[in-house]
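Undergrad: Okay, here's the structure, questions in a sec.
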Amino acid sequence: MFPLDPAPGARMAALCGGSGDKTRLILATVGFSLVAWAGLNSDSQGAVSPQQELDRAEARIEKGKDRQGVLTTEIDSISGQISSLEIQVSGLRQEEAAAESDLANKEAELETAISELQRSVRELKVQRRHLNRALISLRRNLVAIYVSGSPDLTSLVLASSDYGGLIASSSYLEAIQNETEDFAERVRILRDQAQDSVERNRSAKETIEKARDEIALRERELELTRTSLEGRQASLASARSDKVALLGGIEVGIEKQEGIAEELKSQIQGTIAEASSTSGTASPSGTKTGTGSMIWPIDGTLTSPFGPRWGTTHEGLDISAPGGTPIKAADSGTVILIQSESESGGYGNFTCLDHGGGLSTCYAHQSEFGTSVGAAVSQGDVIGYVGNTGNSFGDHLHFEVRVDGVAQDPLEYL
């Protein structure tokens, strides 16, 4: 991917002063020969150059990667929600199991209570029958005593031959009466106890039925909640599946565009190599030279030429090279500006030279400086080192040539 360089425009014009000022500050980047890139960028008949195609492919790759990042974040978020719902559903299933166990226990208790109530009712019916029989016997005894006449003490004395007989007759009558009354009282007590047992068992049955109904209601509510969560979980899983499929398509598209970009780069590099072999030779120091008066600041690979790029104008050349590669002055001149990464507004460590007659060159994204403001430098002197400072996405040199503050194609001067 090509490094991104901001357009210097108005900021540089403000720093450089008037249009005719020989010390006007300009921003420049390094490039290839005019012969090579004139062929690549020609568009006289509306054809798209390989470099423009490459720029478009790079832009599509960037857009795809942005969308890829968004989808990945969304998928991670959905996966987190699904995991949370899985935990909730698992908890609800455990609560349902507990409620089902409680309900089974209450059903068992209810069956026992119903059996106890039925037993108490049967006992109550038996005691009522016993009481009815006792009352009937009591009534019969009373009627018999009434019909035969209630013997008084005088009758018993006259009828008795002696005192012993009198006592025996009196005790016998009293025993009959007491026995009848005692039996009726015992049956009445048993009936009352059986009736109390019925009431207690009926109350216990109602209490258990109420608890059972509450548990059953709770179980239904848990089931409804779980079903709702499972439905939402299924919807999220479907959404995640759709996004994963979309992400897969985007990744395929990125791979395709990267393949196209690599082919275009190879094509461009082949054209550049051919142009370099015919338009420039290597100096004894190893620094490339071109058809103009300036030398190439570094030996490296041209990754972005001067001209339109991503809807704006790229006002210089980008040349990639390993970090720390020495940067040489393209021509003799005076160092008129050195700015640190925090001062340059995106150009990283930044140096500009004045070559006289309104001609200036600038060198951006350096890892460190190799000169100082006011220093006189000769063509080929080291003024800095290749780096990746400022708005840059890889080690490279951004090289510009300006005349009276207006950016020029550096290839015309190399």
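The values are calculated or read from the model by the stated rules, or taken from the named source; none is laboratory data. Please read all numbers here as calculations on a predicted model, not as lab measurements. All Cβ positions, glycine included, derive from the backbone under ideal geometry; neighbour counts span all protein chains shown.
Undergrad: Cβ contacts < 9 Å: first residue within 19 Å of residue 382 (Cβ to Cβ) and small (Gly, Ala, Ser), restricted to the range 293-305; second residue in a loop (DSSP other than H, G, I, E, B) and modelled with pLDDT of 90 or more, any location; separation 6+ or different chain. Result?
TA: 300/321; 300/322; 300/325
Undergrad: While we're here: Would a scan of the range 349-358 turn up a residue that is surrounded by fewer than 17 Cβ atoms within 10 Å (Cβ to Cβ) and farther than 22 Å from residue 303 by Cα?
TA: Yes, the conditions are met somewhere in the range 349-358.
Undergrad: I'm trying to understand the selection: among the residues of the range 307-332, which are on the phi < 0 side of the Ramachandran plot and assigned to a strand (DSSP E or B)?
TA: Correct list: 308, 309, 312, 313, 314, 317, 318, 319, 320, 326, 327, 328.
Undergrad: A further question on this structure: Would you confirm whether any residue within the range 366-381 is buried (at least 23 other Cβ atoms within 10 Å of the Cβ) and either under 39 Å from the mean Cα position of the chain (by Cα) or not in a strand (DSSP E or B) (or both)? Quick ask: steps written out before the conclusion?
TA: First, pick out the residues of the range 366-381 that are buried (at least 23 other Cβ atoms within 10 Å of the Cβ): 366.
Then drop every residue that is not either under 39 Å from the mean Cα position of the chain (by Cα) or not in a strand (DSSP E or B) (or both), which leaves none.
Within the range 366-381, not a single residue is buried (at least 23 other Cβ atoms within 10 Å of the Cβ) and either under 39 Å from the mean Cα position of the chain (by Cα) or not in a strand (DSSP E or B) (or both).
Undergrad: Looking at the range 73-113, which of the residues that are acidic (Asp, Glu) and touching a Leu at 6+ places or on another chain (Cβ under 7 Å) is modelled with the highest pLDDT?
TA: Narrowing the range 73-113 to residues acidic (Asp, Glu): 74, 76, 86, 95-96, 100, 102, 107, 109, 111.
Retained after the next criterion (residues that are touching a Leu at 6+ places or on another chain (Cβ under 7 Å)): 95-96.
On the way: 95: 89, 96: 84.
The selected residue is 95.
Undergrad: Report whether or not residue 394 is surrounded by fewer than 21 Cβ atoms within 10 Å (Cβ to Cβ), out of contact with any strand residue (DSSP E or B) (no Cβ under 8 Å at 6 or more places or on another chain) and under 24 Å from residue 267 (Cα atoms).
TA: Numbers: surrounded by fewer than 21 Cβ atoms within 10 Å (Cβ to Cβ): yes; out of contact with any strand residue (DSSP E or B) (no Cβ under 8 Å at 6 or more places or on another chain): no; under 24 Å from residue 267 (Cα atoms): yes.
Spelling it out, it is not the case that residue 394 is surrounded by fewer than 21 Cβ atoms within 10 Å (Cβ to Cβ), out of contact with any strand residue (DSSP E or B) (no Cβ under 8 Å at 6 or more places or on another chain) and under 24 Å from residue 267 (Cα atoms).
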